[in-house]
Structure formats: C-alpha cells, structure tokens
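Every read-out reported here was derived from the displayed coordinates using simple, explicitly stated rules and does not represent laboratory data. Keep in mind it's a predicted model, so treat the numbers as computed, not measured. Glycine also receives a Cβ, built like all others from the backbone with ideal geometry; neighbour counts cover every protein chain displayed.
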Amino acid sequence: MCQTRPLSLRRLALYIGGFLGPFGTVVIVPMFPELRDEFAASSGQVGLAYSFYLIPFAVALLFSGTLGERVGRRRTVRTTYVVYALASLAAALAPSLAIFILARALQGVANAFITPLLLAGLAEMVPAERFGREVGIYSSFQALGSGLGPLLGGLAADTSWQLAFFGTAGVAAVLALMPPDGDPRPGAQAPKLRPLATRQMLLLGVGFCFAAAGPVGIAVIVGVVGRDVLALSGTATGVILLGGAAAAATMGPIWGRILDRRGARAVGPIVVAAASAATAALALGSSGWRLGLLWVLGGGLAGFVVVVFQSLGATIMPDNRGGALSFLLSFRFLGHAAGPIVLLPLINASATTAFVTAGAFGIVTLGATVAALRSVSPQTSPR
C-alpha cells in the first residue's frame, strides 16, 4: 500500500509529521497561567511538563533511530504515532499535574521514534543534489509547528486548553495510516550504535545542544517574556512567536537551496554567528511589537541553523541515516530541555541577561561546528 501511494502524498505525510513534533513540544508555552490554575501549581512545577517532554525525548533519541532502522521505519513510526495519540489523550484528561507530566513524557518518548525516521525516509526519496532543499521544506513544516503551537495553544488557553491535546491526538492517529517506507534490517544489515560515537559526531552534537539551548530554542524565553514581563495575552504572545516561526518556514526552502549550492562547511559558521547575534539582540525588545520584529529576524536565522544540522545528520552516515540523525537530535533536544532550566530564572533578574546569555551559547556552537566541519566535504549531501 505504501509503495503505490503517490510520492507527493507520501512526502506531505512526512512533512506533517515534522510539524507535529515541534507543535506538541511548545503548545503548552502560552498556557502556563491556565495550567497553574488547573493544577494549583507554580510556574516552575508547570515548567516540568515542558522539560519532561524533552528530557525523555532527548535520551531516547540516542538509540531510537538506530533501533527504528533495525525494526523497520514503517512499523516503528506507525506504532509510535498510535502511542503519541494515546499520550495526547491522557494529557487532555489528566486529573493531576503528575499525570499530565507523565503523559507529556510519554509523548516525548514516542516522538523520539518518529522524528529521525521521517527525515531518514525523506533522504532516500530525493536525489542528493536536491536534498538540502527538501530538508528546508521539512524544516519549514517544523517551524510552522513551532509557530502554530504557541498560537493555537494560546487560543486554547483562552478557551479550553484541553482542545490542543485532543487535536494532536487526532492528527497522530491519521498519520499512523501513512508511515514512511522502510523494512526491518536484521542480522548483518542491522546498523550499530557504536560507530555513531565519533569525534565529529560528538562535536556536532555539542554544537547542536548549545544552539538549541540558545538561538534555536529561545522561543520559550520569548513566550515567557511576552506573558510575564510585557504582560501580553496568550493570543498576542502566540502571534509574536508565530512571526519567528513564519520567517523560518518561509525561508526554509531558500536556506536549503543555498545549502545545496554552497555546502555546510561554507555556510554553517556564518549562519551560527548571525543567529547568535540576533538572539542577543532580542534584549532590545522592550515592547510587544519590538520583540515581535526582532523575533522574525532571530527565528528566520534559527531555522537556517536547524537546516544545516539536520542535513548533516541525515547524510553523514548513509548506512544509518536514522541513527545518525537521532543521535544529533538527542543533543538538540537535550539543549531544548536544559535551556529553559538555565534561562527562565534569569528573567526574574533581567530579560536582557536571559537573551544575552542565550546568544552567548551560540559561541560554543560556533566553535564546535567549525571543528566538526573541517572534515566534512564541501558538498552537504554525501550519498
């Protein structure tokens, strides 16, 4: 059945799957006040529902791609979409904060077996010279998920926050009917975990981790600053966050074409440096409209950083695409989980301090990226 489905529909299913992961991650950001009231909890306690989505996600990503390649992409993704749908329903119906956090953790584990295998499947659908462009489109859908998550989460917060989780359950259930191709790879064909632990992969992982803690993951801080520092409504904050995500989504295919022409080694360091500077500049967002304009710039550049790292992850080890990508993504989402833990307390002292610190994280990404890319071919997509 999967083999006879039109290629355009198969790609669309992969792109929508790319949308779902970021959407599910950030959908709770604008609803913190409502979740505090619902569960009689503090902001720090509610924040655990964000971090405990990402921490199990990041840990599982260390092996999920390789395991999924062994078991088969089709079977793995179909099963975990069903798990994701059930976890979403559990979050919507949770009678306590503890149950809500456990449901979010299960969502994270399920997503770890979806995200890398979708992009690995995409890598084998398209020719090498177009892969950067396809990753750009895929990243655009991820950016839309990051932007529409807070917007729809904000709308849900202003009505009924549970609606956001009923929605993700429905989307995941539909996507379970359209998994990517990929049969089991038993015995000698089974990819191994050990070859992933190279110096180059570890450097790229560290770089992606600090990028996610800072320039790539700063939307959480933008959202909290909008709600708690600038006293904006959930909907207004969602609109601001959508601006940055829309910039990343619009520019994604363009970033991909640049990557196809110039290669990661040429553009990667420049992009990381620009995104880090744009993150620090968010400190100038002293009003809603200023913060929104600055986030359009920062979000667009953050999207380029994601395109670079995801292209490398899906192409650097052709015999284990899913494993290599999930390995790098584990570092990314560890950074997403750690970033708010470090940066949120800084907002109480100064939003400027939080944004400048996040921009400084990009300096670590820049150093690690330059060191890792020395041994990468100028062409981004070795096949």
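With the highest mean first, a sort of the peptides 96-105, 134-143 on other beta-carbon atoms found within 10 angstrom per residue produces 134-143, 96-105. Classify segment 190-327 from the C-alpha gyration tensor, please: rounded if a/c falls under 1.5, else prolate or oblate depending on whether a/b exceeds b/c. Note, shape of segment 190-327 comes out prolate.
If you count, for each residue, the other Cβ atoms within 10 Å and average over each peptide, how do 205-211, 259-265 line up from highest to lowest?
Top of the packing list down: 205-211, 259-265.
Membrane-span-like helices in the chain (whole DSSP H runs, Cα extent of at least 18 Å along the helix axis, mean Kyte-Doolittle hydropathy of at least 0.5): 7-26, 43-71, 97-112, 131-157, 162-175, 199-213, 234-262, 264-281, 288-315, 321-349, 351-373.
Shape verdict for the chain, please, from the Cα gyration tensor: rounded (a/c under 1.5), prolate (a/b greater than b/c) or oblate. Verdict is oblate for the chain. How many angstrom lie between the C-alpha centres of segment 225-292 and segment 126-141? About 20 Å separates the Cα centre of segment 225-292 from the one of segment 126-141. With the simple model of a label 7 Å out from the Cα in the direction of the Cβ, SER350 to ARG374 spans 3.6 nm. With each label modelled as a point 7 angstrom along the Cα→C-beta vector, the GLU124-THR235 pair spans 4.7 nm.
Count the net charge of all other residues whose Cβ sits under 10 Å from the Cβ of GLU134, scoring Lys and Arg as +1 and Asp and Glu as -1.
Summing Lys and Arg as +1 and Asp and Glu as -1 gives +2.
Once you reduce segment 100-119 and segment 356-373 to the center of their Cα atoms, the two points are 27 Å from each other. Evaluated with a Cβ-only charge set (Lys, Arg +1; Asp, Glu -1), the chain carries a dipole of roughly 1120 debye about its Cα centre, given to the nearest 20.
In this simple spin-label model, placing a label point 7 Å from the Cα along the Cα-to-Cβ direction at both THR250 and ILE363 gives a separation of 3.2 nm. Springs between alpha-carbon pairs under 10 angstrom, Gaussian network model over the chain: which of PRO22, PRO150, PRO215 fluctuates most? Most flexible of the set in this elastic network: PRO22. Other residues whose C-beta falls under 14 angstrom from the C-beta of PHE113 contribute a net charge of +4, scoring Lys and Arg +1 and Asp and Glu -1. Taking LEU67, LEU328, LEU93 as the candidate residues, the one with maximal mean-square fluctuation in a Gaussian network model of the chain, Cα springs under 10 Å, is LEU93.
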